[in-house]
Amino acid sequence: QVQLVESGGGLVQARGSLRLSCAASGSRFSINAMGWYRQAPGNQRELVATFTSGGRTNYADSVKGRFTISRDNAKNTVILQMNSLKPEDTAVYYCHAAVRVASPPYDIDYWGQGTQVTVSS
């Protein structure tokens with residue numbers, strides 16, 4: 001099975017930066033898409049940024065120009081560089097991977113346990 005390991009959450013001041021990392025481990029799988037979602041208290045979980053295996057990226061409008069997602073294919077890892085952070089970025093951030101398992105081939109979604117990002121004013 002596939003496991004997602006997240007790191008990089010924490011407490012930062014507004015206008016500060018933080019980097020989140022998510023690594024997928026397992027065997028006999030390939031990644032269709034991988035990225036980050038977030039959920040603040042009282043809100044629904046929302047997409048932050050994703051990276052497909054073909055190199056296409058997708059960002060929430062609220063983070064465009066501030067956040068950058070990148071990937072390391074050799075390590076099955078995605079990095080979310082968060083700059084110019086705002087208090088409204090405060091949320092639990094969840095890594096997500098849409099993967100294809102090899103035998104028999106099927107697609108499945110995996111989620112990390114979540115990491116808290118808190119931005120103070």
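The values are calculated or read from the model by the stated rules, or taken from the named source; none is laboratory data. All figures in this text were calculated on a predicted structure; none of them were measured in a lab. As a convention, Cβ positions derive from the backbone with ideal geometry for all residues, glycine included, and neighbour counts pool all protein chains shown. Quick note on the areas: whole protein, heavy atoms, side chains included, nothing else; ligands and nucleic acids left out. Shrake-Rupley method; radii C 1.70, N 1.55, O 1.52, S 1.80 Å.
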In Å², nearest 10: area of Trp36 left accessible to a 1.4 Å probe: 0 Å²
Derived scalar couplings ³J(HN,Hα) [region 105-116; Karplus, 6.51 cos²θ - 1.76 cosθ + 1.60; whole Hz; x for Gly, Pro]: x, 7, 9, 8, 9, 10, 10, x, 6, x, 9, 7
Label-point gap, in nm, between Asn43 and Ala60 - each point 7 angstrom along Cα→Cβ: 0.4 nm
Accessible carbon and sulfur surface of the chain relative to its total accessible area, %, 1.4 Å: 45 percent
Accessible area per residue in Å² at 1.4 Å probe, computed on the chain: 55 Å²
Rg over Rh [alpha-carbon atoms, Kirkwood Rh] for the chain: 0.98
